[in-house]
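Every read-out reported here was derived from the displayed coordinates using simple, explicitly stated rules and does not represent laboratory data. What you are looking at is a predicted structure, and each value in this text was computed from that prediction instead of being measured. We place every Cβ from the backbone using ideal geometry, glycine too, and count neighbours over all the protein chains shown.
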Amino acid sequence: MFFASDNWAGAHPSINERLSRESTRFAAAYGNSDLDKAVEARFNEIFERDVSVYFVSTGTAANSLSLASIARVGGVAFSHSEAHVIEDECGAPDFFSGMRMVPVEGEDGKMEPAKLSARIAGFPQDSLHHGRAAAVTLTQATETGTIYTLDEIDAITRIAKANGLPVHMDGARFANALVSLDVSPAEMTWKRGIDILSFGGTKNGCWCAEAIVFFNPELAKDFAFIRKRAAQLFSKTRFISAQFDAYLQDGLWLNMASHANSMADRLRAGIGSLNSTRLAWHTTSNEVFAVLNKASAEAAEAKGAKFYGWPVPTNMPEPVREDETLIRLVTSFATTEEDIDQFLSICSAG
Ligand SMILES: Cc1ncc(COP(=O)(O)O)c(C=O)c1O
């Protein structure tokens, strides 16, 4: 019953097998092997256009270096107030980009377009003292398990473009959002005006594989140097490529995300049907936020369930009572129906 994070899951056997196979041969280092080139080319097919791809080790590196690539001196970057880039990366995006992250409010973990416009207006290009607007970053799927619809992405990118700002997407859970919306990678990104994507693999069955995808090659022109200076150029890059090779083979990445999402659906249905539990808000990704009575939560933990408590937002549709607790449950490619049924059965007895 491991629901603490999709980061807790291992790696898919096909990815492990591909890594083992790779480890028996010699190949050129620093991203120059045939495999590196082949996997980079695979991203062109997936996104239906020529893209520039750079592999890095973590989601934080992907986000921070993406923002570094579009940084301006005295620039500020806008994200949702609860976004990982602003809340959970220890200031790495600010450190690597030299820009200040400015929060934008909005329901359901998504920036509200009118609030984004108002925030941008507060940082005009000649704003020497406050800093000038330089970039927008949005998270898909969001930190609260919700997903921007295509129209909602359009609304954000339209405002950004009207102000001349490039847009980055934090896709740590890109595959989960994609299968939930049932759209193509192109439709959810560059066709909506996204310029740079952090394409996550680690949370969805890889061991350690993240890619930065540039849809506009002009924005990538200094990126090789930015990555090297940030100590993110791996000599054995081919082991990241090997993971992506298996990940992108025969739709494995989409199958794993579909599985994770459908396990979350099973959790959502079960939690919604019990007396002692309820959904805190509606999500459509592999993250579920639930209100449990404290006795159920303690019983589940005592029987080995792993999950994290979550701070109660001020705008909860239904308040969390004294004898209740708000928790986050995350499913992955490795979650089983048995895990979920066991968890629900413990809660139903609570
Ligand atoms: C939405 C989101 N973005 C980025 C990250 C950062 O990933 P990492 O922990 O690999 O740096 C996370 C990790 O939890 C995340 O949830």
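Observations on the structure shown:
- Values of log10 I(q)/I(0), in the order q = 0.18 Å⁻¹, for the stretch 58-138 under a Debye, Cα-only, solvent-free model: -0.68
- Nearest-20 debye value, the chain charge dipole, Cβ charges on Lys, Arg, Asp, Glu: 940 debye
- Subtracting the Cα-Cα distance of Lys303 and Ala118 from 0.36 nm times their residue separation leaves 61.7 nm of extension gain.
- Label point 7 Å beyond Cα of Gln342 along Cβ direction - residues of the stretch 293-315 with amide nitrogen under 19 Å: 296-308
- Net charge in the neighbourhood of Glu48 (other residues with Cβ under 10 Å of its Cβ; Lys, Arg +1, Asp, Glu -1) is -1.
- Loop sites in the stretch 290-344: trypsin sites (Lys or Arg not before Pro), DSSP, at most 10 other Cβ within 10 Å: Arg321
- Gly164 sits among other residues whose Cβ lies under 11 Å from its own Cβ, and their net charge, with Lys and Arg +1 and Asp and Glu -1, is +3.
- Summary of the geometry: the stretch 160-236 and the stretch 290-341, compared by the centres of their Cα atoms, lie 31 Å apart.
- For Asp250, Asp339, the sequence from fewest to most other C-beta atoms within 10 Å is Asp250, Asp339.
- Kirkwood Rh, angstrom, the chain [1 / mean 1/r, Cα pairs]: 20.9 Å
- Cβ crowding within 10 Å, taken as a proxy for footprinting-reagent exposure, orders Ile240, Ile159, Ile46 from fewest neighbours to most as Ile46, Ile159, Ile240.
- A Förster radius of 45 Å, combined with the Cβ-Cβ distance separating Glu107 from Ala29, puts the computed FRET efficiency at roughly 0.40.
- FRET efficiency for the Phe225 to Gln125 pair, using the beta carbon distance and R₀ = 30 Å, is estimated at 0.70.
- Cross-link table Lys161/Lys191; Lys115/Lys161; Lys161/Lys221, entries beyond 18 Å C-alpha to C-alpha: Lys161/Lys221
- Averaging Cα coordinates gives a centre for the stretch 90-121 and one for the stretch 3-46; these two points are 33 Å apart.
- Gain upon complete extension [Ile46, Glu322; 0.36 nm per residue less C-alpha separation]: 94.5 nm
- With only Cα atoms counted, the stretch 59-101 has Rg and Dmax values of 9.0, 25 Å.
- Taking 25 Å as the straight-line reach from the Cα of Lys294, the lysines in range (excluding those fewer than 8 positions away in the same chain) are Lys303, Lys306.
- Residue-averaged 222 nm ellipticity for the chain, from DSSP H runs of 4+ at -39500 (n - 2.57), nearest 500: -11500 deg cm²/dmol
- Sorted by Cβ neighbour density within 10 Å, fewest at the top, the residues His80, His259, His282: His282, His259, His80
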